[in-house]
Amino acid sequence: MAQLDYAAIAKHPKFVELSRKKKSFLIGWWLFSTLFYFGLPIWAGNTTLQSDLGNMKVLGKLPLLYLYALLQYALCIVIALYYAHWANKEADRLTDELLHDLKIK
């Protein structure tokens, strides 16, 4: 197997584009999910038992704050599915173009 010049690959325009797109995708979703995650303990810590938006019943006897907590599980699934879709559509295309340009595939 021939040795690959990783420094040249790292400078290739397709690799730079792939890295930039992946970084912006991941940082954006990481920032959103982190803020969404830390919203729960902040909101729960500021909830009073008497009257608060978090204690408002939304689905039968389920308080809004519990629904928010359950939505965090759904968010994980949605992000994973969206990442798989994005990777198949964008990242795989750019990777194939990079490998074609480098004549590795």
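What follows is calculated from the coordinates using simple rules that are stated; it is not laboratory data. As the structure is a prediction and not an experimental result, all values here were calculated from the model.
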Using alpha-carbon coordinates alone, the radius of gyration and Dmax of the range 10-102 in Å work out to 19.8, 65
Against the longest alpha carbon principal axis of the chain, how many degrees, from 0 to 90 and to the nearest 10, is the axis of helix 64-86 turned? 10
So what's the angle, to the nearest 10 degrees on a 0 to 90 scale, between helix 13-45 and the longest Cα principal axis of the chain? 10
So which aspartates and glutamates pass the test for Lys22, namely a Cα distance under 12 Å, with those fewer than 8 places away in the same chain ruled out? Glu90, Asp92
